[in-house]
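Since the structure comes first, as C-alpha coordinates, the remarks are kept for the end.
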Amino acid sequence: MDMRRKKGILFIVSAPSGAGKSTICAEVMRHDENLRFAVSHTTRDPRTGEQDEGDYHFVSKNVFTRMVDNGEFVEWAEVHGNCYGTSRRMLDTLLGQGRDIIHDIDVQGAAQLRKILPEAVFIFVLPPSVKALAMRLRGRDTDTDEVMAERLANARGEVESYYQYGYVILNDALDHAVEDFRTIIGAERLKAARVDPEGVKEIFSEEESEEDA
Ligand code: ADP
Ligand code: 5GP
(Lines give C-alpha, C1' and ligand atoms only; values in the text may rest on other atoms or scores of the structure.)
(Ligands and ions follow the chains in the order given, each with its own letter.)
Protein backbone atom coordinates (compact mmCIF):
# COMPACT_ATOMS: atom_id res chain seq x y z
CA MET A 1 0.00 0.00 0.00
CA ASP A 2 1.28 3.48 -0.85
CA MET A 3 1.02 6.56 1.35
CA ARG A 4 -1.90 8.79 0.43
CA ARG A 5 -0.62 11.92 -1.31
CA LYS A 6 -2.01 15.47 -1.36
CA LYS A 7 -2.30 15.58 -5.13
CA GLY A 8 -1.01 14.09 -8.35
CA ILE A 9 2.54 14.76 -9.56
CA LEU A 10 3.21 16.41 -12.88
CA PHE A 11 6.28 14.96 -14.64
CA ILE A 12 7.47 17.32 -17.39
CA VAL A 13 9.72 15.63 -19.95
CA SER A 14 11.80 17.44 -22.59
CA ALA A 15 14.39 16.26 -25.09
CA PRO A 16 15.67 17.08 -28.55
CA SER A 17 13.47 15.48 -31.20
CA GLY A 18 14.42 11.84 -31.75
CA ALA A 19 16.15 11.36 -28.37
CA GLY A 20 13.50 8.77 -27.50
CA LYS A 21 11.30 10.58 -25.01
CA SER A 22 7.98 9.32 -26.46
CA THR A 23 9.34 5.75 -26.50
CA ILE A 24 10.49 5.97 -22.85
CA CYS A 25 7.21 7.59 -21.70
CA ALA A 26 5.11 4.95 -23.49
CA GLU A 27 7.14 2.12 -21.92
CA VAL A 28 6.93 3.63 -18.43
CA MET A 29 3.17 4.14 -18.77
CA ARG A 30 2.62 0.56 -19.93
CA HIS A 31 3.71 -0.68 -16.49
CA ASP A 32 2.13 2.00 -14.31
CA GLU A 33 -1.63 2.38 -14.23
CA ASN A 34 -1.45 5.50 -12.04
CA LEU A 35 0.13 7.54 -14.83
CA ARG A 36 -1.81 9.54 -17.39
CA PHE A 37 -0.45 11.20 -20.50
CA ALA A 38 -1.23 14.90 -20.99
CA VAL A 39 -2.52 15.45 -24.52
CA SER A 40 -1.34 18.75 -26.06
CA HIS A 41 -2.80 20.74 -28.92
CA THR A 42 -0.73 21.14 -32.07
CA THR A 43 -0.96 22.59 -35.55
CA ARG A 44 1.43 19.86 -36.83
CA ASP A 45 0.00 17.27 -39.24
CA PRO A 46 -0.57 13.81 -37.70
CA ARG A 47 2.12 11.21 -38.45
CA THR A 48 1.10 7.79 -39.69
CA GLY A 49 -0.37 5.90 -36.75
CA GLU A 50 -0.95 8.96 -34.57
CA GLN A 51 -4.43 9.30 -33.09
CA ASP A 52 -6.32 12.57 -32.78
CA GLU A 53 -7.14 13.06 -29.06
CA GLY A 54 -4.72 10.24 -28.14
CA ASP A 55 -1.31 11.60 -29.19
CA TYR A 56 -2.35 15.22 -29.73
CA HIS A 57 -5.41 17.31 -30.37
CA PHE A 58 -4.60 18.14 -34.00
CA VAL A 59 -6.04 21.57 -34.79
CA SER A 60 -5.80 24.17 -37.55
CA LYS A 61 -3.74 27.34 -37.18
CA ASN A 62 -6.96 29.34 -36.89
CA VAL A 63 -8.30 27.23 -34.03
CA PHE A 64 -4.93 27.37 -32.25
CA THR A 65 -4.75 31.17 -32.59
CA ARG A 66 -8.30 31.51 -31.25
CA MET A 67 -7.38 29.35 -28.25
CA VAL A 68 -4.30 31.54 -27.61
CA ASP A 69 -6.44 34.70 -27.82
CA ASN A 70 -9.00 33.20 -25.41
CA GLY A 71 -6.27 32.41 -22.87
CA GLU A 72 -6.98 28.66 -23.10
CA PHE A 73 -3.30 27.63 -22.82
CA VAL A 74 -1.18 27.60 -19.66
CA GLU A 75 1.80 27.63 -22.01
CA TRP A 76 2.37 27.39 -25.72
CA ALA A 77 5.34 27.66 -28.06
CA GLU A 78 6.37 27.45 -31.68
CA VAL A 79 8.62 24.40 -32.08
CA HIS A 80 10.27 23.28 -35.34
CA GLY A 81 7.81 25.47 -37.30
CA ASN A 82 4.58 24.26 -35.66
CA CYS A 83 2.60 25.44 -32.63
CA TYR A 84 2.12 23.29 -29.53
CA GLY A 85 0.22 24.16 -26.36
CA THR A 86 -0.96 22.84 -23.01
CA SER A 87 -4.64 23.54 -22.51
CA ARG A 88 -5.60 24.78 -19.06
CA ARG A 89 -8.76 22.66 -19.07
CA MET A 90 -6.90 19.43 -19.92
CA LEU A 91 -4.30 20.02 -17.18
CA ASP A 92 -6.88 20.99 -14.52
CA THR A 93 -8.99 17.92 -15.34
CA LEU A 94 -6.04 15.52 -15.03
CA LEU A 95 -4.64 17.14 -11.87
CA GLY A 96 -8.15 17.22 -10.36
CA GLN A 97 -8.35 13.43 -10.78
CA GLY A 98 -5.35 13.13 -8.44
CA ARG A 99 -3.43 11.06 -11.01
CA ASP A 100 0.25 11.44 -11.79
CA ILE A 101 0.77 12.96 -15.21
CA ILE A 102 3.51 12.70 -17.84
CA HIS A 103 3.69 15.78 -20.01
CA ASP A 104 6.04 15.91 -22.99
CA ILE A 105 6.88 19.52 -23.88
CA ASP A 106 9.74 21.49 -25.39
CA VAL A 107 12.28 23.58 -23.47
CA GLN A 108 10.37 26.85 -24.02
CA GLY A 109 7.13 25.36 -22.65
CA ALA A 110 8.99 23.81 -19.70
CA ALA A 111 10.51 27.22 -18.88
CA GLN A 112 7.01 28.73 -18.78
CA LEU A 113 5.60 25.95 -16.57
CA ARG A 114 8.58 26.10 -14.18
CA LYS A 115 7.44 29.60 -13.20
CA ILE A 116 3.83 28.65 -12.43
CA LEU A 117 4.16 25.00 -11.34
CA PRO A 118 7.37 24.83 -9.27
CA GLU A 119 6.23 21.59 -7.60
CA ALA A 120 6.29 19.75 -10.96
CA VAL A 121 9.19 17.38 -11.70
CA PHE A 122 11.35 18.41 -14.66
CA ILE A 123 13.22 15.69 -16.56
CA PHE A 124 15.54 16.09 -19.56
CA VAL A 125 16.29 13.17 -21.86
CA LEU A 126 19.67 13.21 -23.65
CA PRO A 127 20.70 11.08 -26.63
CA PRO A 128 24.10 9.36 -26.31
CA SER A 129 25.50 11.29 -29.33
CA VAL A 130 24.49 13.51 -32.24
CA LYS A 131 25.15 10.55 -34.54
CA ALA A 132 22.70 8.38 -32.61
CA LEU A 133 20.16 11.21 -32.62
CA ALA A 134 20.40 11.54 -36.41
CA MET A 135 20.09 7.77 -36.82
CA ARG A 136 17.03 7.64 -34.58
CA LEU A 137 15.34 10.48 -36.45
CA ARG A 138 16.03 8.72 -39.75
CA GLY A 139 15.04 5.34 -38.37
CA ARG A 140 11.71 6.67 -37.10
CA ASP A 141 10.91 7.46 -40.71
CA THR A 142 8.16 9.94 -39.89
CA ASP A 143 9.67 13.18 -41.17
CA THR A 144 10.91 14.59 -44.46
CA ASP A 145 14.64 15.29 -44.87
CA GLU A 146 13.92 19.00 -44.42
CA VAL A 147 12.00 18.45 -41.15
CA MET A 148 14.73 16.09 -39.84
CA ALA A 149 17.45 18.65 -40.68
CA GLU A 150 15.53 21.39 -38.84
CA ARG A 151 15.04 19.19 -35.77
CA LEU A 152 18.72 18.19 -35.72
CA ALA A 153 19.81 21.81 -36.11
CA ASN A 154 17.65 22.80 -33.13
CA ALA A 155 18.96 19.95 -30.94
CA ARG A 156 22.18 21.63 -29.79
CA GLY A 157 20.36 24.73 -28.52
CA GLU A 158 17.71 22.63 -26.75
CA VAL A 159 20.33 20.50 -24.97
CA GLU A 160 21.91 23.66 -23.52
CA SER A 161 18.84 23.94 -21.24
CA TYR A 162 19.46 20.57 -19.53
CA TYR A 163 20.76 22.15 -16.30
CA GLN A 164 17.44 23.88 -15.67
CA TYR A 165 15.82 20.46 -15.14
CA GLY A 166 15.72 18.50 -11.91
CA TYR A 167 16.83 15.20 -13.50
CA VAL A 168 18.70 14.07 -16.59
CA ILE A 169 18.23 10.67 -18.24
CA LEU A 170 20.76 9.44 -20.80
CA ASN A 171 18.86 7.34 -23.32
CA ASP A 172 21.59 5.02 -24.51
CA ALA A 173 20.17 1.56 -23.75
CA LEU A 174 16.40 1.94 -23.69
CA ASP A 175 15.80 -0.41 -20.75
CA HIS A 176 18.24 1.58 -18.57
CA ALA A 177 16.55 4.84 -19.50
CA VAL A 178 13.13 3.39 -18.67
CA GLU A 179 14.46 2.11 -15.35
CA ASP A 180 15.93 5.56 -14.57
CA PHE A 181 12.56 7.18 -15.26
CA ARG A 182 10.79 4.66 -13.01
CA THR A 183 13.34 5.36 -10.26
CA ILE A 184 12.63 9.11 -10.48
CA ILE A 185 8.86 8.53 -10.37
CA GLY A 186 9.23 6.18 -7.40
CA ALA A 187 11.42 8.59 -5.43
CA GLU A 188 9.17 11.58 -6.14
CA ARG A 189 6.13 9.62 -4.93
CA LEU A 190 7.92 9.00 -1.61
CA LYS A 191 8.73 12.65 -0.88
CA ALA A 192 7.47 13.65 2.57
CA ALA A 193 6.24 17.00 1.24
CA ARG A 194 3.77 15.15 -1.02
CA VAL A 195 2.22 13.03 1.74
CA ASP A 196 -1.34 13.87 2.78
CA PRO A 197 -1.16 14.64 6.56
CA GLU A 198 -4.69 13.28 6.95
CA GLY A 199 -3.42 9.89 5.80
CA VAL A 200 -0.73 9.94 8.52
CA LYS A 201 -3.28 10.89 11.20
CA GLU A 202 -5.48 7.97 10.15
CA ILE A 203 -2.66 5.49 10.89
CA PHE A 204 -2.93 6.37 14.59
CA SER A 205 -6.67 6.80 14.76
CA GLU A 206 -7.07 3.23 13.48
CA GLU A 207 -4.63 1.92 16.11
CA GLU A 208 -6.59 3.60 18.91
CA SER A 209 -9.95 2.33 17.74
CA GLU A 210 -8.58 -1.24 17.57
CA GLU A 211 -7.36 -0.99 21.17
CA ASP A 212 -10.71 0.44 22.27
CA ALA A 213 -12.55 -2.50 20.73
P1 ADP B 1 11.16 11.64 -29.37
O2 ADP B 1 9.80 11.40 -28.79
O3 ADP B 1 12.16 12.07 -28.35
O4 ADP B 1 11.15 12.56 -30.55
P5 ADP B 1 10.99 8.84 -30.20
O6 ADP B 1 10.54 8.23 -28.94
O7 ADP B 1 10.00 9.01 -31.31
O8 ADP B 1 11.73 10.24 -29.93
O9 ADP B 1 12.24 7.97 -30.72
C10 ADP B 1 12.88 8.23 -31.96
C11 ADP B 1 13.31 6.88 -32.57
O12 ADP B 1 14.37 6.35 -31.79
C13 ADP B 1 12.20 5.85 -32.58
O14 ADP B 1 12.25 5.14 -33.81
C15 ADP B 1 12.53 4.93 -31.40
O16 ADP B 1 12.10 3.61 -31.62
C17 ADP B 1 14.06 5.01 -31.37
N18 ADP B 1 14.63 4.86 -30.02
C19 ADP B 1 14.16 5.35 -28.84
N20 ADP B 1 14.98 5.04 -27.83
C21 ADP B 1 16.00 4.32 -28.36
C22 ADP B 1 17.19 3.71 -27.82
N23 ADP B 1 17.48 3.75 -26.51
N24 ADP B 1 18.00 3.06 -28.66
C25 ADP B 1 17.74 2.99 -29.99
N26 ADP B 1 16.64 3.54 -30.58
C27 ADP B 1 15.79 4.21 -29.77
P1 5GP C 1 6.66 16.27 -32.10
O2 5GP C 1 6.27 17.06 -33.31
O3 5GP C 1 7.94 15.48 -32.34
O4 5GP C 1 5.55 15.44 -31.55
O5 5GP C 1 7.02 17.31 -30.96
C6 5GP C 1 7.89 18.38 -31.24
C7 5GP C 1 8.22 19.11 -29.95
O8 5GP C 1 7.04 19.72 -29.40
C9 5GP C 1 8.77 18.21 -28.84
O10 5GP C 1 9.90 18.88 -28.28
C11 5GP C 1 7.64 18.13 -27.85
O12 5GP C 1 8.12 17.96 -26.53
C13 5GP C 1 7.02 19.52 -28.02
N14 5GP C 1 5.66 19.61 -27.48
C15 5GP C 1 4.67 18.69 -27.49
N16 5GP C 1 3.58 19.15 -26.85
C17 5GP C 1 3.88 20.40 -26.40
C18 5GP C 1 3.17 21.39 -25.65
O19 5GP C 1 2.02 21.24 -25.25
N20 5GP C 1 3.83 22.56 -25.41
C21 5GP C 1 5.11 22.79 -25.83
N22 5GP C 1 5.66 23.95 -25.52
N23 5GP C 1 5.80 21.87 -26.54
C24 5GP C 1 5.20 20.70 -26.83
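The values are calculated or read from the model by the stated rules, or taken from the named source; none is laboratory data. Predicted model only: the values in this text are computed from it and were never measured. We place every Cβ from the backbone using ideal geometry, glycine too, and count neighbours over all the protein chains shown. Please note that ligands, DNA and RNA were not included when accessible areas were found on the heavy atoms of the full protein model with its side chains. Shrake-Rupley method; radii C 1.70, N 1.55, O 1.52, S 1.80 Å.
Tabulated results
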quantity: Cross-link pairs beyond the 28 Å C-alpha cut-off, checked among 131/191; 21/61; 21/201; calculated: 131/191; 21/201
quantity: Cα centroid of the stretch 1-74 to Cα centroid of the stretch 156-188, whole Å; calculated: 17
quantity: Accessible area (Å², per residue) of the chain, counting only protein heavy atoms and a probe of 1.4 Å; calculated: 58
quantity: Rg in Å to one decimal, and Dmax rounded to a whole Å, for the stretch 106-213 via C-alpha atoms; calculated: 21.2, 74
quantity: Cα gyration tensor category, rounded, prolate or oblate, for the chain with a/c compared to 1.5; calculated: prolate
quantity: For the stretch 69-137, average projected area of the Cα convex hull in nm²; calculated: 6.1
quantity: Potential extension, residue 62-residue 142 segment - 0.36 nm per residue separation minus Cα distance; calculated: 26.3 nm
quantity: Net charge of Cβ neighbours under 10 Å - reference residue 18; Lys, Arg +1; Asp, Glu -1; calculated: +4
quantity: Surface accessible to a 1.4 Å probe, residue 146 within the full protein complex, Å²; calculated: 150
quantity: Percent carbon-and-sulfur accessible area, the chain, ignoring ligands, DNA and RNA, probe 1.4 Å; calculated: 51
quantity: DSSP beta bridge pairing in the chain, given as percent antiparallel to the nearest 5; calculated: 30
